[in-house]
Amino acid sequence: MLLTGCARPGDPGAQLSPLVVRSGEATASAVAVTRPPRPGEASCGIGARPRPSANPSESWDVNDARERARRALIAANPPTPLRGAVPPDAIPGAESCIMRLRMDFSLRSAGGSADERGVEDSLRAAGLTAIEVTSGPAFTASTGYACIHGTLPDDFTIGPLAADGSCRP
């Protein structure tokens, strides 16, 4: 059985872990975690968790359906390339934002509104800041902890913030 809950009114950015109950016992993930967003953090990156990874050289049971499914998901969602030294704790939030942008850009492209203005609207809706959109359209935007660089339709990289906190193209 899977139960979910709601945050209290007035808790901006509150996050809840799902309540999982098996055989009448609540697991450790049953505790709700409420954390307000950090200042300057893009809304699309709040609460992001690191992507699962698999060591291709490690042995595993090919008859284990769960492990096969996990490895298939990892292969279908490879990590985003990095430009330079990005802090490891900034990567999950940036990748979460990129996943959102991929969906949004795909919808915009299908609807014919993937121009510079549409790209900027998508970046703002995701909560990104320090946005620069150029022809192509290509863009650079900040999650508050890392920069996302991209070009349409689906080319993204994650880079470090400049010393002054901005994103360089």
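Each row is one residue, and each column tells you yes or no for (1) farther than 16 Å from G45 by Cα; (2) open to solvent by 50 Å² or more (accessible area, probe 1.4 Å); (3) at pLDDT below 90; (4) in contact with a Ser or Thr (Cβ under 8 Å, 6 or more places away or on another chain).
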site: L101; (1), (2), (3), (4): no, no, no, yes
site: L107; (1), (2), (3), (4): yes, yes, yes, no
site: S113; (1), (2), (3), (4): yes, no, yes, no
site: S135; (1), (2), (3), (4): yes, yes, yes, no
site: A146; (1), (2), (3), (4): no, no, no, no
site: T157; (1), (2), (3), (4): no, no, no, yes
site: S166; (1), (2), (3), (4): yes, no, yes, yes
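When the range 81-91 is filtered for residues that are in contact (Cβ under 8 Å) with a residue 12 or more places away in the chain and surrounded by fewer than 19 Cβ atoms within 10 Å (Cβ to Cβ), the ones remaining, listed by number, are P81, L82, R83, G84, A85, P87, D89.
Contact map, the range 153-166: residues that are within 12 Å of A138 (Cα to Cα) and in a loop (DSSP other than H, G, I, E, B) paired with residues that are open to solvent by less than 90 Å² (accessible area, probe 1.4 Å) and of a type outside the set (G, A, S), Cβ distance under 8 Å, separation 6+ or inter-chain. Pairs shown: P153/F105; D154/R102; D154/F105. Of everything listed in (1) surrounded by 20 or more Cβ atoms within 10 Å (Cβ to Cβ); (2) free of Cβ contacts under 8 Å to residues at least 40 places away in the same chain; (3) part of a helix (DSSP H, G or I), the single unmet condition for A94 is (2). Taken together, the residues in the range 28-71 that are touching a strand residue (DSSP E or B) at 6+ places or on another chain (Cβ under 8 Å) and either at pLDDT 70 or above or of a type in the set (D, E, K, R) (or both) amount to 1. Summed over the range 55-90, residues that are in a loop (DSSP other than H, G, I, E, B) and more than 30 Å from R168 (Cα to Cα) total 10. For T140, the conditions (1) part of a strand (DSSP E or B); (2) without any contact (Cβ under 8 Å) to a residue 24 or more places away in the chain are fulfilled apart from (2).
The values are calculated or read from the model by the stated rules, or taken from the named source; none is laboratory data. Because the structure is predicted, anything quoted here is derived from the model rather than measured. Positions of Cβ are generated from backbone atoms using ideal geometry, with glycine treated the same way; all protein chains shown enter the neighbour counts. Calculation scope for accessible area: heavy atoms of the full protein, side chains included, ligands and nucleic acids excluded. Shrake-Rupley method; radii C 1.70, N 1.55, O 1.52, S 1.80 Å.
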